[in-house]
Amino acid sequence: MARLAEYVSRMPRHVSEELRGWRWSEPPLLHTSAVYLSFSDVSYGVCPTGRDVYLRRVARVKPQVLPPEVEVGYVVHAAYSAAVASAKMLALAGVATGQDFIDSMRARFEEFIHGLYASRRWGLTREEVFKTAWPVWDHASVIFGGALERGRAKRLSGDSLAAYVAPFHVEYPVEGYRLGLTQGYVDALLPPAVPVEIKVGAAAHWHRVELAAYALALEATLHTPVDFGVLVYVQPEPFHYYYAVVPIGDSLRLEFAEARDRKARLVESGADPGAPEKCSKQCPYYHYCEVAGAGRLGGAAVLPQRRLRLGEKGREGGGGAASGGLHSGGGAGGGSERQGPGQGG
């Protein structure tokens, strides 16, 4: 945290006043559509035609077979979120030493993995879910255990110790309605207001657009400048990670506004834009469009349509709890931004 804060403090920053989130009621941020989309609908960039948004919002198609990349992203994110919650609870409970803390965390993992695997139907085997989640959980246990030892040395306890062990919020709720978005959940929020998104796989430009969406929504709600975000990239096997500090300048903010307006028009029109020439395996609808071949432009498949009524907010689609986002590679987001791998974004 200290290294990150020092690094960010040295970075140049400039954002035009009209592109601050608190200027949401004026162009170019003004939302003029009756359609409200999720953060992931707007930013998710694995489908160049935007057909994932059409299938989810207009045709109301639920993915039946999820790509492994999407499920892996979901597991990593669920493991980290649960590990942070467990760490804070143990710190509040007064666990005496760092080693006791690590032992308690490891004991809790079996309960976590049992509940996770029972929560939905998986394409991954239980062993694959375990092998993906364990290194994330174990690494978090060691890091937080060390922080607990340092906090104890400072004579911290209770809330102060829990805040020292994990000085951030996970699954932080972000109100998006001022910008034409439904409520979302950013993977983590560093104080005072730095959004953090965790991804699995290769870096992609749309990850930065997603950070811009969260930054604008936080500015609109908190009236606090959000000039930077952080992207954490995780590779589960062999486990390693790195992070990138992302300046959230004018260009990313404009990209968000343009994508929001374009995809809102797509939903309003009700027209199927068709699948791209080649579908990404990181898209929750990969099996539907590419493997099953349903509804490519000129194809034989006919999709059931349910047009959104004017004024109706797009319902967050999705499967189980927690998040695909940790979004897989290009990964999946989740309903209400965080309803698991049933939705792209």
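General observations
- Computed label-point distance, nm, for sites residue 25 and residue 177 using a 7 Å Cα→Cβ extension: 1.5 nm
- Heavy-atom accessible area order for 117, 233, largest first, 1.4 Å probe: 117, 233
- Residue-wise HN-Hα couplings along region 83-88, as the Karplus relation 6.51 cos²θ - 1.76 cosθ + 1.60 with θ = phi - 60° gives them from phi, are 5, 5, 4, 5, 4, 5 Hz; Gly and Pro carry x.
- The separation of region 209-279 from region 141-163, counted between C-alpha centres, amounts to 34 Å.
- Remark: the residue 14-residue 110 segment gains 29.9 nm on full extension, using 0.36 nm per residue and subtracting the alpha carbon distance.
- Cα-based shape type of region 67-212, given that a ≥ b ≥ c are square roots of the gyration tensor eigenvalues and the cut on a/c is 1.5: oblate
- For 263, 154, the ranking by accessible surface with the largest value first comes to 154, 263, using a 1.4 Å probe.
- Note on residue 96 and residue 168: with the Förster distance fixed at 25 Å, the Cβ-Cβ geometry gives a FRET efficiency of about 0.55.
- ³J(HN,Hα) computed for each position of region 30-38 - Karplus, 6.51 cos²θ - 1.76 cosθ + 1.60, integer Hz, glycine/proline x: 4, 8, 10, 8, 7, 8, 10, 10, 7
- Placing +1 on each Lys and Arg Cβ and -1 on each Asp and Glu Cβ, with no other charges, gives region 63-194 a dipole about its Cα centre of roughly 300 debye.
- Sorting 168, 101 on solvent-accessible area from highest to lowest, probe radius 1.4 Å, gives 168, 101.
- Using a Förster distance of 22 Å, the FRET efficiency for residue 131-residue 160 (Cβ separation, nearest 0.05): 0.05
- Think of region 1-93 as a dipole: +1 on every Lys or Arg Cβ, -1 on every Asp or Glu Cβ, centred on the Cα centre; then among 75, 32, 87, 87 lies furthest on the positive end.
- Among 198-207, 59-68, 23-32, the order from most to least packed when residues are scored by Cβ within 10 Å on average: 198-207, 59-68, 23-32
- Placing a label point 7 Å from the Cα of residue 251 along the Cα-to-Cβ direction, the residues of region 200-221 whose backbone N falls under 17 Å from that point are 204-213.
- Within a straight-line Cα-Cα reach of under 26 Å, residue 62 can be paired with the following lysines, leaving aside sequence neighbours fewer than 8 residues apart in one chain: 199, 263, 278, 281, 313.
- Calculated FRET efficiency for the pair residue 65/residue 33, C-beta based, R₀ 45 Å, to 0.05: 0.90
- Residues listed by number, region 89-113, amide nitrogen under 11 Å from residue 224 label point at 7 Å toward C-beta: none
- Region 1-150: C-alpha gyration tensor shape, a/c 1.5 cut-off, then a/b vs b/c: oblate
- Spin-label pair residue 265/residue 117, simplified geometry with 7 Å Cα→Cβ offset, distance in nm: 4.9 nm
- Between the amide H of residue 234 and those of 199, 200, 201, distances stay under 5 Å, these residues lying 5 or more places away or on another chain, with hydrogens modeled in the peptide plane.
The values are calculated or read from the model by the stated rules, or taken from the named source; none is laboratory data. On a predicted model such as this, the values are computed, not experimentally measured, just so you know. No Cβ is skipped: glycine too gets one built from the backbone with ideal geometry, and neighbour counts run over all protein chains shown. Note: areas computed on protein heavy atoms with side chains; ligands, DNA, RNA excluded. Shrake-Rupley method; radii C 1.70, N 1.55, O 1.52, S 1.80 Å.
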